[in-house]
Structure formats: structure tokens, C-alpha cells
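Right, one structure below, let's go through it.
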Amino acid sequence: MTKSISFLPFDMIKSVDNLFQDKSISTKIIADECDLTVPYVSTLRQGKRDLEKSSFETLKKLYWFAANRHVDVFSREEQELKGKYHSVSLSLNVSKLIVSFNDKQLFYHGIINPFCLIDNQEGSISIPRSIFIDKRGHQIDPEIFGHSFNCGYGGTGPNNLVHFLEKYSPYSRIDLEQFIFSNKNIVYDFSSKKLSSFDSTSCIDPVSIDIIGQVLNFTFPGKTLFDNNFPTNNQILNKIQSLLNLLTEKFKIDCSPISLKYMKKSTNQATRVSVSAEKHNFILKFRSFQIQFYLDNVKSSQLVSSICDKLHYNTPKQLGKSNIFSKQMSVEEYVF
């Protein structure tokens, strides 16, 4: 970052003095980089010539070289404070930073509540990959403050995280790069000054999250004609059960079912699958959200029974059956 030169000459002089005291930087290198003669720099460095009587242009060249070598007074101040931060002041006291490589991972781990992201929007929800947590437990997206963090590889986001923690943690840049580039889920606690990682496995993934009519909608992907790895009905229901457990235990969401809708294509239409994805053939509705999912086409009574058995629901009452899209699809509706 470019430093402003709107500071007292004392800061410049002190920075150049720091430069001259650094024995790892030779007089010749200083002279060459600052476009000065070696004898001239040598007399300044030995104190034979008064630095304060040098021209402002000379002083500025020496200062910028000191700044580039991180020996100026501002860099030295940062170095002295390195690792001594117990929180980050961003108009709030940040006590913890959590970063994940994978989309939705902070939701899967019960950290970010997607119900707090609705805010009168429609369409797909983007779950932040990083989050600040303040001392009261409130969550703040770092991007609000211009910080874009990531981890698990050596790109821009992870390097932003390295630069940030290099300032606010006691860890060296080399250690931070090694840890951040190789881990996909990272936590830094400013109170304990501890950098750690956590497991990234999830039995819910993949699931898309969007908002339809101010209602949160979770969709498990359907099957395509050439998809031989599509999960079984039992595996899909296991994912739904895991999602409901997460919403109940971590976010205290009411997961009592209200209704179930089953949509089935007529026999003279598409078979069990189509070339494009079958997005879903079931919609399970709750008070504040719904889940869309796809199960293999067998008898509707068997499918409904398997859903209730797996999710521990009482058998719902069928309201009726109707045809839509010129009888190309039948719809069965149930209530709990």
C-alpha cells in the first residue's frame, strides 16, 4: 500500500536512521537503489554528514527505500504490535475469524444461519465463505469491510487472509501460507491467538438454497439420463434427515411438517429420467421453509410411506389428486 508523505520530517529521518542501522543492507545497495553515490551514503550512514541537512528529495528517496524494506517507523510499529492484538477494531470488536474454501460449508457446520440472509430478496442465496464473529457472538461478513478471504489454495483470497493474519496474529508469513494454502476450513481466535482447522465433510452436500416468495427453499439435485452415481432414495432421505437435524439443533428452526406434494409424469411422457435434470418430484413444506427432492418413480404410496418412516412422521392425509400441463403430470397432495 502506498504511504502518504503528509507526515513530519522526523518520521522520515527516523525511518532512514532505521535503514542505516540495519547491517543486512549494504551501503552500495542503498546508494544504487536511491540513485545516490556510495561515498555520499557512507558519510550519512557514519554520521559524518548531518542527515537533517540533506535535501528533501534525498530524504524522500531514502525514506521510500526504507519503507520498501519495511524498516520505516510505520512498519516497525506494526512489527512491535504483531501478535499482540486480542481483537480487531472495525467499528466492532472482532474476536474470531472463520474461513472456508467450499460454498455453504459454514452453513453445513451450523455457523451461518441462511434464514438470516432472506432480507426481502428472491433467487439463489450466496452463503459467505468467511465470517467475523464479535465478542457478543454477532456475525459480520468481512466483505462489508472490503476483506475477501478464502483458503485451501494459493490464490488471491487465501493471500488476502495471509496478509490480514500476518498483521493480527503472531504467526510468520511462511507459517501462515503453509497452513492457509493447505487447509479448507480455518478458524483464528484473537483471544487465544490460536490458528486451527476443522473437518469439511458434510452428509448434506450437495444442496442448493434459494428464496421463493420469501420462503427458504432447499433443493437436492435430481437425476439425469447419464448420471450413474445418483444417490438412492434412502441416501436422499438420509440427507434430508441430516438437514432437518442441523436446522433443529444448530438454528432452533421448527421442523414440524405441514404438507407433502408428489408430482409424477404420465406414463406416455418421459420415463424415470430425462436428458435434462429432473429437479424434483417432491415438495415437503414446513412453516418457514420447504425441501424439494427427487426420488425414483415407484408407487406413490410406497414413496410417501418410505418418507414418513425415514423422517419419523405420522402417515399424512391425502387431500386429492389432479392433473396439470394438459394431463402430462399428476399431482398428489398430502397434509400432516
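A few comments on the model shown:
- Taking the inverse of the mean reciprocal distance over all distinct Cα pairs, the Kirkwood hydrodynamic radius of the stretch 170-216 comes to 13.7 Å.
- All-pairs alpha carbon distance profile, the stretch 134-179, 10 Å steps from 0, percent: 27, 47, 26, 1
- Checked against a 20 Å cut-off, the cross-linked pairs Lys239/Lys285; Lys104/Lys250; Lys104/Lys285; Lys96/Lys193 give Cα-Cα distances beyond that limit for Lys104/Lys285.
- Solvent exposure of the stretch 124-165 as accessible area per residue, Å², 1.4 Å probe: 49 Å²
- For Ile174, Ile25, the ranking by accessible surface with the largest value first comes to Ile174, Ile25, using a 1.4 Å probe.
The values are calculated or read from the model by the stated rules, or taken from the named source; none is laboratory data. What you are looking at is a predicted structure, and each value in this text was computed from that prediction instead of being measured. Note: areas computed on protein heavy atoms with side chains; ligands, DNA, RNA excluded. Shrake-Rupley method; radii C 1.70, N 1.55, O 1.52, S 1.80 Å.
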